[in-house]
Amino acid sequence: MRLKLVPDNTSWDFFGRLPITVGLSSMLVVASIIAFFAMGLNFGIDFRGGTTIRTESSVAVDVGEYRDAIAPLGLGDVSITEVFDPNFGPDQNVAMVRIEAQSDTESVTPETIAAVEGALQQIDPGITFPSVESVGPKVSGELVMTAIYSVLAALFAVLVYIWLRFEWQFSVGAVVSLVHDVMITIGVFAVFQIKFDLAIIAALLTIVGYSLNDTVIVYDRVRENLRRYKVMSLKDVLNLSINETMSRTVMTSSTTLVALIALLVLGGDVIRGFVFAMIFGIVIGTYSSVFIASALLLRLGVKRDWSKPDGEAGTQFADVDA
Amino acid sequence: MIGLVVLGLGYALPNLFYPRVELHNDAVAAIEASGSTAEREADRSAWPDWLPSSLVNLGLDLRGGAHLLAEVRVEDVYAARMDALWPDVRDALRDERDTVGAIRRQNAPEGELRVSIENADGMARALEVVRELAQPVATLTGVGSKNIEVAGQDRTIIVTLSEAERTATDDRTIQQSLEIIRRRVDEVGTREPTIQRQGERRILIQVPGLGSAEELKALIGTTAQLTFNPVISRTSDGNVSPGPRNVVYPSLDEDGIFYVLEQTPVVTGEDLVDAQPTFDQNGRPAVSFRFDPAGARKFGDYTAENVGSPFAIVLDGEVISAPRINEHIPGGSGIITGNFTVEESTNLAVLLRAGALPAEMTFLEERTIGPQLGQDSIDAGKIASIVAFIGVLLFMGLVYGWFGLLANVALILNVGMIFGLLSAIGATLTLPGIAGIVLTIGMAVDANVLVFERIREELRAGRGPARAIDLGYEKALSAIIDANLTTFITAVILFIMGSGPVKGFAVTLALGIITSVFAAIYVTRLMIVIWFERRRPKTLVV
């Protein structure tokens, strides 16, 4: 017996409830922007400078006690969070101690780290420090700029590539849906105050790549169907194309999600935020390539005369020898 | 094509036996470096020589170790250059005393030399004389420009390094720093340290297996400028005015004690040829050193002339000790004693052997990852990858049946090839890199899914099995290429802009895209065609 995720020959109408989906998306984007400005992101030390010390102990972590131990050192803003993970053994208790940047350029001094470690050893002699990371504000400032540039560069490269391979309407549709995905993902990070660091930027770029992947598959089919059904209305062509690619979209998203969920549960706490961003991005990316990218294409309209494959836009790779 | 797959898998093979191959590689390196021993031979035979033995490099986050990003204060060198220039300027102007009158060095911002002259009328001549000291810049890019710029302002001559000279100096400073850091790290003898220049004036140092970034900082953060200076006096007043051409340095061991020293050293660390940790006659840790012939002569002459007076051993602006010269020391060797621990004396010997850094460094970023945390990450990554792998395999089998199994074979080969490529090009695997592989496992089936869905459609449209397979591949191709190229573009951007772990992610993602497209288009198709030729099924169920 075969497992079927999507019935054969579906003919769902994806644009029947256009106001609802577009409305929902716009609302989410606006909410994300508000959340971003109102609550801010929980930036990791990569982006704001400072030091994180990971502690591990066989004794249960008492955040209040840790805080009291470090407070007399006068290091400014100190945050302590306990880390939970299903992979940890029964007597493995992990916490992250984060200290704000102490100077304008440099990373933390060995004395500061020694002082913090000493204070924690006072209350718990068996405590160990599996990792210590420190980033000076000078570098973190540059990292922020690089991160922003790389996301923008990715979006721009996509814009150009789709433009070359399709038409500008496709390009705009794709980029708008990508911006939509990235913004909502950032919004979720702001709302839940999940740590936002360099790895998350990598996740965002992967989401851009993945969501685009989906969008391009749909667009590719739209282009093909536009050539085949010259008289069908654009809306019907889009609906047909989405229906035809639906089982592939669901299939690929499912396999990817299967892999990522395994990683989320079993991959350890160090990359959990990264994997979470990716899972969320894949769900939203799949949604947006159907509802946002295609809806925009419908709105913008598209050149219908695809009869000449050697036209100015949209060169085909299909005659490459397979 | 089959050859390519086999080659990829062959390169991936050593990674399955990581510790064993690592042992073998280390042994081979050790035998090359310092001859063969029975133990090393045994280690080497742990892995056959004729098999590929390149491994995936594990990133710091997986192996544990220390990471530092340092910025070299290149301006230090400008100041030193100006100080070195002053005697020449002074001598040149002295010859022209009749025209320029008395001269005096003025306080100036760092990296500038300001000299005032008595006669404003002699300015033109003075500038001319100083300009004659300029020399052409000795680099390819700076051809035609001079190394110093000389300007006059009222009665002050201002000398600065020219732009071209600064660039050349910066470059030399960084190169020297790199070289010295490399020597120091190598002396400690850890495996495969990464020491790279980053940007204009930064140096990235990654040392796997070292306990902490602090240790690394202690090792490379000290300038280790060793000098032997004549002592003028000993005092407990740190604000004492030292007099011209003299300096005041604090004592390293004795609190509140300062030494007034002559600024010009008798000999410096640059004249050293060797330094070793040792013990003095009382059994306390010390460092023994030996001068090169020139240094030995200078040192011998000085000790012969100054028997009875003290001289100071100065390290980075602190007096380690100031022993009295008891007799002429002709051999050019001696020992430094201080209140050292064994560890400190060993470190000092390493630092002295490796030479002094040309400039100070500030540390912008540092990370320490304990080896246990790295191992935990590897274990977690392994389990997650296996579960993800099995999940995807089952899923594909359930949805596509026989074709799904073929795709699974391709997927297995695909993951093998990713590891093979990673080893072959010597890329570094990081934790996000593992995530990249897991993501690839999920996405790799995409190309196959596209093809299979297309074949299903063609079958539904009533085409025969052979035709459906052909058309399926043909029509899915443009979508496959478009979709993967766009993801590849983002991977490339990540690689260019990203750093460290993120780069590792970009590499596995990009390699995963290449191998998965290759596997889907060629490998699966080959298998399907072979199967089809054998069986010639009348109907096809995908």
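Tabulated data
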read-out	value
Under 20 Å from residue A:235, Cα to Cα: lysines that are on another chain or at least 8 residues apart	A:303
Label-zone membership for region B:417-441, site residue B:394, 7 angstrom Cα→C-beta point, backbone N under 20 Å	B:438-441
Burial ordering of A:27, B:443, fewest other beta-carbon atoms within 10 Å first	A:27, B:443
Most mobile listed residue (A:118, A:40, A:285) in chain A, GNM with C-alpha springs under 10 Å	A:118
Value of [θ]222 nm, deg cm²/dmol, for chain A, DSSP H segments ≥ 4, -39500 (n - 2.57) each, nearest 500	-20000 deg cm²/dmol
Average partner coverage of B:383-395, which counts Cβ from other chains inside 10 Å	6
Degrees separating the helix A:137-165 axis from the principal Cα axis of chain A, which is the longest one	10
Values of log10 I(q)/I(0), in the order q = 0.07 Å⁻¹, for the protein assembly as shown under a Debye, Cα-only, solvent-free model	-0.72
For peptides B:96-104, A:135-143, A:95-103, B:431-439, sequence by mean Cβ density within 10 Å, most packed first	B:431-439, A:135-143, A:95-103, B:96-104
Rel. contact order, % - alpha carbon contacts under 8 angstrom, at least six apart, chain A	25
Relative contact order (%) - chain B, alpha-carbon pairs under 8 angstrom, separation at least six	17
Interchain or long-range residues, amide H under 5 Å from residue B:365's placed H	A:107, A:136, B:69
Expected-Rg normalisation [2.2 N^0.38 Å, Cα atoms] applied to region A:50-135	1.05
Cross-link reach list, lysines versus residue B:475, counting only Cα pairs under 21 Å and skipping chain neighbours closer than eight places	A:230, A:308
Sequence ranges B:107-119, A:51-63, A:271-283, ranked by mean other-Cβ count within 10 angstrom, highest first	A:271-283, A:51-63, B:107-119
A:77, A:197 arranged by Cβ crowding within 10 Å, fewest neighbours leading	A:77, A:197
Kirkwood Rh, angstrom, region A:119-250 [1 / mean 1/r, Cα pairs]	18.1
Straight-distance crosslink candidates among aspartates and glutamates, where the alpha carbon sits under 15 Å from residue B:146 and sequence neighbours closer than 8 are dropped	B:128, B:132, B:163, B:165
On Cα atoms only, tilt of B:525-535 relative to the major axis of chain B in degrees	20
Segment residue B:108-residue B:4, extension gain: residue separation times 0.36 nm, minus the distance between their alpha carbons	30.8 nm
Region A:64-104: chymotrypsin sites (Phe, Trp or Tyr not before Pro) falling in loop per DSSP and having at most 16 other Cβ within 10 Å	A:84, A:88
P(r) histogram, all alpha-carbon pairs of chain B included - 10 Å bins from 0, percent	3, 13, 17, 18, 15, 12, 9, 7, 4, 2, 0, 0
Nearest-0.05 FRET efficiency for residue B:20 and residue A:39, computed from C-beta distance (R0 60 Å)	0.70
Per-residue mean of C-beta atoms belonging to partner chains within 10 Å, peptide B:441-454	6
Cβ-based exposure ranking for B:402, B:47, A:163, in which fewest neighbours within 10 Å come first	B:402, A:163, B:47
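Here, each number is a calculation from the coordinates, and none is a lab measurement. All of these numbers come straight from a predicted model, not from anything done at the bench. Backbone-built Cβ (ideal geometry, glycine too); neighbour counts: all protein chains shown.
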